[in-house]
Amino acid sequence: MHSKKRLRDPSDALLASSCNTPLIRRRRRLTPRLQSLNLFLCSVTDHGLANVAVCKMLASVSLSHCSWITEAGLRHLIRLAHLTALRIYRSVHIKTEGLNILAALPLLRTLKLEGEAWVTDAGLKCIVAPTTDSAIALKRLQSLNLSKCNHVTDAGLELVAVLPQLRSLFLDGCSKITDAGLGYFTVSASLQVLDIASCTKLTDAGLAHVAALVQLRALNLCSCKFTDTGLAHVGALSQLQTLDASSNERITDAALVHIASLRELVRLNLSSCKKLTGKGVARLATLPKLQTLNLADCAGLTDVGLVHLTSMTELRTFFFLLNLSKCNHVTDAGLELVAVLHEGLASVVATLRCEIGHSLHRK
């Protein structure tokens, strides 16, 4: 199954799903201006990538679940002089040496390698400090996704930290990195987006290093083991616009005191923070720019907390999950407040659940 979509100027794109090498060879004659190519779940081989390489205007290539591609196929991508974005996902035949090949792509700005077992500290050294004559360090790299690359350690982060233009770093699920690894980024003047969700070895001490990144705009702390002490460090990030602290079951209302100091905050996710109560949530009413608030599965939320939320004039989207087996302090009065909020909100999600059944009612 395949489809081709012609976009308006200035770019064309092709999404090829479950396609094969002969198809790519035919398509190349039809897309001389192709700028974006997604080969999700394709049976493309190294020979197929040789045909792709003749599309000289390609700026973005995604090789997701392309299990037949090896380092030999990646070498063809070096011919793409305009390539700025590359994603490689679940490509089981590529080895660590493949990163040395990627270092020969001088214009690369975005590199996504999430979940790849062949991405190691040694491989990261290939792109930061390559040893081959044909390769250059990817000094222009602005976004690097290493999510679920479980062979990357603090030593690898030390290498990544020297990239001078790095703005976005995704480390979701990197199980081996520790607080020491985050310490290497304290000198970064460019990093604006940091994702350390599900990094289970990180502690509050790691967030002390993050506090030095005063230019951060977005921070993902989902499913970590941080406490109120760690969130106190986050309160120093005065430019933060997006914060995801969901599923941190150790944080309490005390953490919201520090979050309430983030005056630029626009989006906040506190879902499944089960120790939060209405008293703590009331502090969020002082956030002048907050537009999106997710409090789903906050079992301690009460009517009192909802009263204060009605003063958030900028709030645009409100997610509210009531688990009636646990939310014993939310009453009919609280649900009436949800209805009041609904009048001024672009989107309201109110889900009622209990152990014996469920009902959903919207006026």
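The values are calculated or read from the model by the stated rules, or taken from the named source; none is laboratory data. This is a predicted model, so every value here is computed, not measured. When we count neighbours, we look across all protein chains shown, and the Cβ atoms used for this are built from the backbone with ideal geometry, even at glycine.
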Can you pull out every residue in the stretch 160-192 that is in contact with a strand residue (DSSP E or B) (Cβ under 8 Å, 6 or more places away or on another chain) and part of a loop (DSSP other than H, G, I, E, B)? 163, 166, 167, 171, 172, 191, 192
Considering only residues that are of a type in the set (A, V, I, L, M) and surrounded by fewer than 20 Cβ atoms within 10 Å (Cβ to Cβ), which ones fall in the stretch 264-295? 266, 285
Go through the stretch 122-159 residue by residue and tally those that are at pLDDT below 95, assigned to a helix (DSSP H, G or I) and not basic (Lys, Arg). 7
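Which of the residues belonging to the stretch 92-119 are assigned to a loop (DSSP other than H, G, I, E, B) and over 22 Å from the mean Cα position of the chain (by Cα)?
92, 93, 94, 95, 96, 97, 103, 104, 105, 106, 107
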Can you tell me which of 161, 211, 218 is in contact with a helix residue (DSSP H, G or I) (Cβ under 6 Å, 6 or more places away or on another chain) and more than 18 Å from residue 121 (Cβ to Cβ)? 211
Taking the stretch 303-352 as the search range and keeping residues that are modelled with pLDDT under 65 and in a helix (DSSP H, G or I), which one is nearest to residue 266 (Cα to Cα)? 344
Which residues, counting only those in the stretch 32-57, are in contact with a strand residue (DSSP E or B) (Cβ under 6 Å, 6 or more places away or on another chain) and part of a loop (DSSP other than H, G, I, E, B)? 33, 39, 40, 55, 57
Cβ contacts < 8 Å: first residue in contact (Cβ under 8 Å) with a residue 12 or more places away in the chain, restricted to the stretch 307-318; second residue in a loop (DSSP other than H, G, I, E, B) and of a type in the set (D, E, K, R), any location; separation 6+ or different chain. Result? 314/289
